[in-house]
Amino acid sequence: MEYVIEMLNIRKEFGTFVANDNITLQLRKGEIHALLGENGAGKSTLMNVLFGLYQPEGGEIRVRGEKVNIENPNIANELGIGMVHQHFMLVEKFTVTENIILGSEPRSGLTVDRATARKKVMDISEQYGLRIDPDAKIEDISVGMQQRVEILKTLYRGAEILIFDEPTAVLTPQEIQELIQIMKRLIEEGKSIILITHKLKEIMQVADRCTVIRRGRYIGTVEVDETVNEDSLAEMMVGREVNFDAEYSKANPQQVVLDVQQLVVKDSRGLKVVEGLDLQIRSGEILGIAGIDGNGQTELIEALSGLKKPEAGKILLNGKDVTGFTPRKVTESGVGHIPQDRHKHGLVLDYSIRDNMVLQTYYKEPFSKRGLMNYKAVAEKAKALIEKFDVRTPSIDVPARALSGGNQQKAIIAREVDRSPDLLIAAQPTRGLDVGAIEFIHEQLIKEREKGRAVLLISFELEEILHVSDRIAVLYEGKIVGIRDPKETTEQELGFLMAGGKRGEETV
Amino acid sequence: MNKLAYNRLLIPLLSILMGLLVGAIVMLIGGYNPVQGFSSLFSGMVGSPYAIGETLRAAAPLIFSGLAVAFAFRTGLFNIGVEGQVLIGWVAAVYVGINFDLPMFIHLPLALLAAMFAAALWAFVPGFLKAKFHVHEVITSIMMNYIALYTTNAILRSVIGVTNERTEDIKDSASLASPMLQELTTFSRLHWGILIAVLAAIVYYYILQRTTLGYELRAVGFNKHASQYAGMSVNRNIILSFVISGMFAGLAGAMEGLGTFNGMTLSASFTGVGFDGIAVALLGANTAVGVFLAAILFAGLNIGGLAMQLGANIPSELVKVIIAAIVIFVASGYALNYVIEKLKGNRKKGVEKK
Ligand SMILES: Nc1ncnc2c1ncn2[C@@H]1O[C@H](COP(=O)(O)OP(=O)(O)OP(=O)(O)O)[C@@H](O)[C@H]1O
Ligand SMILES: [Mg+2]
């Protein structure tokens, strides 16, 4: 069998912490090879080694049979290895085209040949069906679009071996299907792919083989065929059986906690994207919002959390008018928020995990007294939270940046859930989490509900919405166009409503 | 993490060495003897009690201006206006020093407070403009420097009054001068300011690392989006950061007015104390200890340069070359880091081959 990539007995240490301990991964030409493991298992680390971002402490790498020393990403590029990172590496102020060509710009004389660059980018984007606006600035486009830019970046550099680090975590279901088509097309053209994903369904759907690692150790590689299924993969990954369809207790909704009336919010370009939205959530229930990205989810959250002043309408919290409150006042009125973009809004990456755990409460006792921080109390809190939420980190003193993506997410959830706010806004709370962690987070949301809190769950994954919500509100073009009982609706019906379909047309 | 701390020390130290090396090369090109040059430079820096006294004297204002720049930087802001804030602090201190008649334990603190307050007010402007109208602080704070220069001269002429381009001396009760320190250093101009600078460095550390305000300021500096999400007021922090930075800058001016010069002279150009603060903060990696040591080094080089001119006949401007080279090396620390990694990588490969 011909291997394009062989990573043999790779070892990577961070200080005394061993992130990769003797891991072997062999990639055949023309295959999609899944890399599976819990949050913090060492998947991204292994791929960063392959891409030349980290130097391994042991083991060897062979590309097309030849032993190589990948000292930096440039060498990886030259070897035809491209990587789409878990957290994008784009220049916010640059346009899509500029980001794609950055570092290998076509030149005419001393200047960048923009016209050629743009054309080439458009050609590739066409070839693989990756629609983009070449002139938009990165900061203005959605996460899904940003990912396309990342993929185009590698294709533009002529990558033959593509590493996808959790590409689907940030995508909507439609986008995921598109990406899967793209990956299949890439394979047809003789490229080889390493795919990291926590979604077992995707592995079953596209992967030829799957390598599993656990806590930095190599567990095994299996052919993805009839002999494996989601359960067996999960078991291999976690080391025990995973319960996929836990049954939750029945909701017992009480008084109204959040009452949104005729809310109107504009987006950053000044367009009204929330237009007369009405919504009520009661204590003791989880309300899921289903909707296609861009139908006002972001702006609704921003208005609810005080980041954006609504143009019109009212937000009542426990009967109190909180419209136009500052984020601090909203927080103090009893709102917690798990933001969608964990790096931009959820964490101060350069702060230690310890310091990140009190980002909203640092000024309150016992963390702060008479203007002075009590870092001992902060450390105790952080330790307790990390323990309780199984955030895997070498210590509480490492910068949040050093945690694996899933563990960063768990840290944020720990912080927000721990405050047990009257209203918990959870935007894509399980994005990037492994199946075990997802289950755990869902349990936490249910527990909050049982304590009599109100939970607003926003997710692009209908499965998740259907699984944990007590009621489902469908958001379309800035309005709630329907409320459904998860027990009496289907993904089809929700999808239909999300696309703007009206009741009664369904049978057509 | 240990590696990080190690690099944080290694880069400044390497930069200093390489800066000195550049100095040596320039000496050679100029036909001077580097051995002789450096020996008189170093003896001028620290070779005698007098040299040490003068070095510390010159370091005091640099410590303050370095802390001012560093403070803003730690909170994500560029305060290029330290130079102007130094001038404003200086003139305010001198005004109080001349125009009040009070017992020392009130007069001196009052003069220092005046310097802090006036400079803070001056720094408030770019902070406010940034917070309120998103005007970039670099532009406004540079412009405030020019306004400060001419305003200071105007105040000296029309409010405080000058004879022969200079104000009268400040009252003894507002002076930082210390006969004891002077005697100890065989009559350098060393004054109590250096002790206040030590105190300031401690306060700097304390504010940033121990107070709730510091937690907030640093958070905003690292990630203003997340800070805003968490309920912090980014605008308030921008203004506060500038005001505190300005207070440090004002004290730098007070060092000159109440310590070294006992007054103020009309000037057509900037003092350079504020601009040097940028280099000091850079070399000191924006930490209290780092700024303190960097200020002493730069001050020492400046003082030693004069001795070098006398002792080895090398123009004292050469010191500026050395300082500039050090700054360039530190600023390109990233590149330097790359070289270090490269060297280490090669060494490792060598081991592997065996
Ligand atoms: N730069 C670093 N310094 C210290 N520890 C690190 C660093 N990078 C990663 N780690 C640690 O190594 C472990 C593996 O991290 P890695 O990012 O590879 O996990 P992962 O398998 O990609 O997880 P996820 O699914 O959550 O993305 C984690 O425990 C993480 O805390
Ligand atoms: Mg990862």
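At-a-glance table
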read-out: Among the candidates A:V238, A:V228, A:V242, residue that is at pLDDT below 90, surrounded by 14 or more Cβ atoms within 10 Å (Cβ to Cβ) and out of contact with any strand residue (DSSP E or B) (no Cβ under 9 Å at 6 or more places or on another chain); value: A:V242
read-out: Hey, A:I75 within 14 Å of chain B (Cβ to nearest Cβ) and part of a helix (DSSP H, G or I) or not; value: yes
read-out: Search result, residues across segment B:188-211 that are surrounded by fewer than 22 Cβ atoms within 10 Å (Cβ to Cβ), part of a helix (DSSP H, G or I) and hydroxyl-bearing (S, T, Y); value: B:Y205, B:Y206
read-out: Failed item in (1) near ligand 1 (Cβ under 9 Å from one of its atoms); (2) within 14 Å of chain B (Cβ to nearest Cβ); (3) assigned to a helix (DSSP H, G or I); (4) surrounded by 21 or more Cβ atoms within 10 Å (Cβ to Cβ), with A:I412 passing the rest; value: (1)
read-out: Test: residue in segment B:157-177 that is within 22 Å of A:Y375 (Cβ to Cβ) and acidic (D, E); value: no
read-out: For A:D422: the one exception among (1) at the interface with chain B (Cβ under 9 Å from one of its Cβ atoms); (2) more than 22 Å from the chain's Cα centre (by Cα); value: (1)
read-out: Count of residues meeting criterion [assigned to a helix (DSSP H, G or I), farther than 11 Å from B:L87 by Cα and in contact with a Pro (Cβ under 8 Å, 6 or more places away or on another chain)] in segment B:229-254; value: 2
read-out: Pairs where the first residue, in segment B:130-156, is crowded, with 16+ Cβ neighbours inside 10 Å and the second is in a helix (DSSP H, G or I) and aromatic (F, W, Y), C-beta under 7 Å, 6+ apart; value: B:M144/B:W122; B:A148/B:W122
read-out: Every residue from segment A:339-366 that is within 8 Å of another protein chain (Cβ to nearest Cβ), buried (at least 17 other Cβ atoms within 10 Å of the Cβ) and out of contact with any Gly (no Cβ under 8 Å at 6 or more places or on another chain); value: A:H345, A:G346, A:L347, A:V348, A:L349, A:Y351, A:D355, A:L359, A:Y362, A:Y363
read-out: Set A:K250, A:K308: member being under 30 Å from A:A400 (Cα atoms), assigned to a loop (DSSP other than H, G, I, E, B) and not small (G, A, S); value: A:K308
read-out: Single residue of A:K329, A:K314, A:K320, A:K309 found to be more than 11 Å from every other protein chain (Cβ to nearest Cβ), surrounded by fewer than 18 Cβ atoms within 10 Å (Cβ to Cβ) and under 21 Å from B:K224 (Cβ atoms); value: A:K309
read-out: Residue pairs meeting the criteria (Cβ under 9 Å; at least 6 apart or on separate chains; first farther than 18 Å from A:T326 by Cα and more than 7 Å from every other protein chain (Cβ to nearest Cβ), in segment B:228-243; second of a type in the set (S, T, N, Q) and not in a loop (DSSP other than H, G, I, E, B)); value: B:F242/B:S141
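Every residue, every condition in (1) surrounded by fewer than 22 Cβ atoms within 10 Å (Cβ to Cβ); (2) within 16 Å of ligand 1 (Cβ to nearest atom); (3) under 16 Å from A:N99 (Cβ atoms), yes or no:
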{"site": "A:E126", "(1), (2), (3)": "yes, no, no"}
{"site": "A:E139", "(1), (2), (3)": "yes, no, yes"}
{"site": "A:Q147", "(1), (2), (3)": "no, yes, yes"}
{"site": "A:L162", "(1), (2), (3)": "no, no, no"}
{"site": "A:K184", "(1), (2), (3)": "yes, no, no"}
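Results for (1) within 16 Å of ligand 2 (Cβ to nearest atom); (2) closer than 30 Å to A:D231 by Cα; (3) within 14 Å of chain B (Cβ to nearest Cβ); (4) buried (at least 16 other Cβ atoms within 10 Å of the Cβ), shown as yes or no for each residue.
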residue	(1), (2), (3), (4)
A:E6	no, yes, no, yes
A:Q26	no, yes, no, yes
A:G30	no, yes, no, yes
A:L53	yes, no, yes, yes
A:G58	no, no, yes, no
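The values are calculated or read from the model by the stated rules, or taken from the named source; none is laboratory data. Please read all numbers here as calculations on a predicted model, not as lab measurements. We place every Cβ from the backbone using ideal geometry, glycine too, and count neighbours over all the protein chains shown.
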